[in-house]
1. I'd like to know if the stretch 100-119 contains one or more residues that are free of Cβ contacts under 8 Å to residues at least 40 places away in the same chain, in contact with a Lys or Arg (Cβ under 6 Å, 6 or more places away or on another chain) and not in a helix (DSSP H, G or I).
2. So if I check each of Ala47, Ala33, which one is surrounded by 12 or more Cβ atoms within 10 Å (Cβ to Cβ) and over 14 Å from Trp149 (Cβ atoms)?
3. Among (1) closer than 19 Å to Asn134 by Cα; (2) of a type outside the set (Phe, Trp, Tyr); (3) open to solvent by 50 Å² or more (accessible area, probe 1.4 Å), which single condition is His53 missing?
4. Can you find even one residue in the stretch 80-94 that is at negative phi, over 14 Å from the mean Cα position of the chain (by Cα) and of a type in the set (Asp, Glu)?
5. State the number of residues belonging to the stretch 2-23 that are closer than 14 Å to Ile130 by Cα, open to solvent by 60 Å² or more (accessible area, probe 1.4 Å) and either in contact (Cβ under 8 Å) with a residue 40 or more places away in the chain or not in a helix (DSSP H, G or I) (or both).
6. Which residue out of Asp78, Asp82 is within 13 Å of Leu35 (Cα to Cα) and without any contact (Cβ under 8 Å) to a residue 12 or more places away in the chain?
7. Go through the stretch 108-121 and give me each residue that's among the small types (Gly, Ala, Ser) and surrounded by fewer than 17 Cβ atoms within 10 Å (Cβ to Cβ).
8. Look through Arg58, Arg86 and report the one residue that is crowded, with 17+ Cβ neighbours inside 10 Å and either assigned to a helix (DSSP H, G or I) or touching a strand residue (DSSP E or B) at 6+ places or on another chain (Cβ under 7 Å) (or both).
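The values are calculated or read from the model by the stated rules, or taken from the named source; none is laboratory data. The structure presented is a predicted model; accordingly, all values stated were derived computationally and were not measured. Cβ coordinates were reconstructed from backbone atoms using ideal geometry, including for glycine residues, and neighbour counts include every protein chain displayed. SASA here: full protein model, heavy atoms, side chains in, ligands and nucleic acids out. Shrake-Rupley method; radii C 1.70, N 1.55, O 1.52, S 1.80 Å.
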Amino acid sequence: MTARTTRLDAGVREAMRALSAATKKGLGDAALAELVQIRASQLNHCAFCLDMHLTLARKHGVSERQLDLLAAWEEAGDDVFDARERAALALTEAVTVLTDGFVPDAVYERAAEHFDERQLAHLIGLITVINSWNRLMVSRRIPAGSTEW
């Protein structure tokens, strides 16, 4: 696949990078941040972001088993994803897909049981920013591994 365009304003790119870094730092869990970003990227079919975040997840100690079963996290056993991870992944799907036009209260409340208000704000920010990155990359057809974007 060839990119439609690799043009992205440097100011936009740097602002997005800064937002990504701030949300990850505020969440305070690098491995979970990568799981969230991978799941959103799976839903959005973003090969560029999947390639990047799978590599980063491994560097942050995410197990191959979790990576292998992430697309089916709801069916994977509790020994694969703990309650906190499941809550974050459910919120990721709800924010990413928005099938009913909003995040269901039960999904939000489930996440709020595992994350304090500050962490939850950063988690939602992280989900929002990876969705933005996915859309930037998919709409321009930036291929996995590309160094020009």
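1. yes
2. Numbers: Ala47 fails: over 14 Å from Trp149 (Cβ atoms).
After applying the criteria, what remains is Ala33.
3. Unmet for His53, out of (1) closer than 19 Å to Asn134 by Cα; (2) of a type outside the set (Phe, Trp, Tyr); (3) open to solvent by 50 Å² or more (accessible area, probe 1.4 Å): (3).
4. Narrowing the stretch 80-94 to residues at negative phi: 80-94.
From what is left, the residues that are over 14 Å from the mean Cα position of the chain (by Cα) are 80-84.
Still in the list and also of a type in the set (Asp, Glu): 82.
Within the stretch 80-94, one or more residues are at negative phi, over 14 Å from the mean Cα position of the chain (by Cα) and of a type in the set (Asp, Glu).
5. Total satisfying the criteria: 1.
6. On the way: Asp78 fails: within 13 Å of Leu35 (Cα to Cα).
Residue meeting the stated conditions: Asp82.
7. Here is the first cut: in the stretch 108-121, the ones among the small types (Gly, Ala, Ser) are 111-112, 121.
Within the stretch 108-121, Ala112, Ala121 qualify.
8. Numbers: Arg58 fails: crowded, with 17+ Cβ neighbours inside 10 Å.
Of Arg58, Arg86, the one residue that is crowded, with 17+ Cβ neighbours inside 10 Å and either assigned to a helix (DSSP H, G or I) or touching a strand residue (DSSP E or B) at 6+ places or on another chain (Cβ under 7 Å) (or both) is Arg86.
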